[in-house]
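Down below is the structure, laid out as structure tokens.
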Amino acid sequence: NGMATSDLMEMVNAKHTDKLNIIVYTGGCSRWNNKIISSTKNQVYQVADGGLRCLVADAGSGAMTDYNNLAWFIQYCSKNFPANRNELILWDHGGGSLSGVCFDELEDNDSLGLREIDAALLNLVDSGELTDKFEFIGFDACLMGTVEAANVLASYSDYMYGSEESEPGSGWDYTAIGNYLAKHPDADGAALGKKVCDSFKDQCDKSGDGQIVTMSVIDLSQIDPLLKKFNSFSRQ
């Protein structure tokens, strides 16, 4: 329904600075609502100069649910756009701990499960190509704000952003997020997470979805003690 294109345009409309790079990996879509992005091959774009600059015109046609492709994209960004802080956002439909996220329309709506995400990140850690934790890993998708997702990501990220319930299709407000980062390039995951939540809620209020929206910012350093208590509660 053109939601991905709308979010890309929000990114384009944000203020830009040489202290911020927004890199997008596209694929898994049967038809795009724009004339720029291919629906037959995966591509990599940079949000720059008031538009999208194609960095990799043909990154193959492998499934977006193949964890090797996710690992490749992270590796590509790390090599070509080194930064003091790195963030990873997974965008698309979400099905929670069981179904995962990022359903690929070209692969019979196969999804990227938590085990696949874990495998992609673990391979990069084991190979020495991922040495620092992400500032945050976020899901602009439904139902991904779960304790199971947080447990998987705790080894790779300081914070996790995700919605506990279904989120409106318009998704996060990327213009507000981009403007905030342009002004506060050193923002940590807690401060940025507050901006993500507040701007998301504001945008949903304007569209009439404010009463149904949920979003969480989770400090992943607290997951181990939470899990111990959660497991004890579950056994009882």
Query raised in the report: If you roll a 1.4 Å probe over segment 24-116 with all protein chains in place, what percent of the accessible area is carbon or sulfur?
Result: 44 percent
**Report entry** Choice from Gly94, Gly171, Gly62 showing the highest fluctuation, given a GNM over the chain with Cα pairs closer than 10 Å
**Finding:** Gly62
Requested in this report: May I ask you to derive the FRET efficiency for Ala83 and Arg235 from their Cβ-Cβ distance with R0 = 45 Å, giving the value to the nearest 0.05?
Outcome: 0.60
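What's the extension gain from Leu20 to Gln75 if we count 0.36 nm per residue and subtract their Cα-Cα distance? Before the final figure, lay out the partial values.
Numbers: separation 55, 0.36 × 55 = 19.80 nm, distance 1.77 nm.
So the chain would gain 18.0 nm between Leu20 and Gln75.
Under a 1.4 Å probe, what is the accessible area of the chain per residue, stated in Å²?
Details: 12440 Å² over 236 residues.
Result: 53 Å² per residue.
Quick one: what do you get for segment 100-220 if you divide its Cα Rg by 2.2 N^0.38 Å?
Numbers: Rg = 15.1 Å, N = 121, 2.2 N^0.38 = 13.6 Å.
Scaled against compact globular proteins, the figure is 1.11.
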Requested in this report: Please give every one of the aspartates and glutamates within straight-line cross-link reach of Lys133, meaning a C-alpha to C-alpha distance under 19 Å, and leave out same-chain neighbours fewer than 8 residues apart.
Outcome: Glu87, Glu116, Asp118, Glu148, Asp158, Asp186, Asp188, Asp219, Asp224
Report summary line: Looking only at aspartates and glutamates whose Cα falls under 17 Å of Lys35's and that sit 8 or more positions away or on another chain, we get Asp7, Glu10, Asp58
Query raised in the report: Can you list the aspartates and glutamates whose alpha carbon sits under 12 Å from that of Lys183, skipping same-chain ones fewer than 8 residues off?
Result: Asp18
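Over its Cα atoms, what ratio of radius of gyration to 2.2 N^0.38 Å does segment 116-159 give? Before the final figure, lay out the partial values.
Values: Rg = 10.7 Å, N = 44, 2.2 N^0.38 = 9.3 Å.
That works out to 1.16 for segment 116-159.
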Report summary line: Of the listed links Lys15/Lys206; Lys41/Lys206; Lys195/Lys229, those spanning more than 25 angstrom between alpha carbons are Lys41/Lys206; Lys195/Lys229
Query raised in the report: Which residue fluctuates the most in the chain, going by a Gaussian network model with Cα springs under 10 Å, if the choices are Gly100, Gly189, Gly169?
Result: Gly169
Query - Proportion of all alpha-carbon pairs of the chain beyond 23 Å (%) - result: 48 percent
Report summary line: Computed, not fitted: 222 nm per-residue ellipticity of the chain from DSSP H runs ≥ 4 (each -39500 (n - 2.57)), nearest 500, equal to -12000 deg cm²/dmol
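The values are calculated or read from the model by the stated rules, or taken from the named source; none is laboratory data. Quick caveat: nothing in here was measured; it's all calculated off a predicted structure. Every residue, glycine among them, receives a Cβ derived from its backbone with ideal geometry; neighbour counts consider all protein chains shown. Each accessible area value is taken on the protein alone, full model and side chains, heavy atoms only, with ligands, DNA and RNA left out. Shrake-Rupley method; radii C 1.70, N 1.55, O 1.52, S 1.80 Å.
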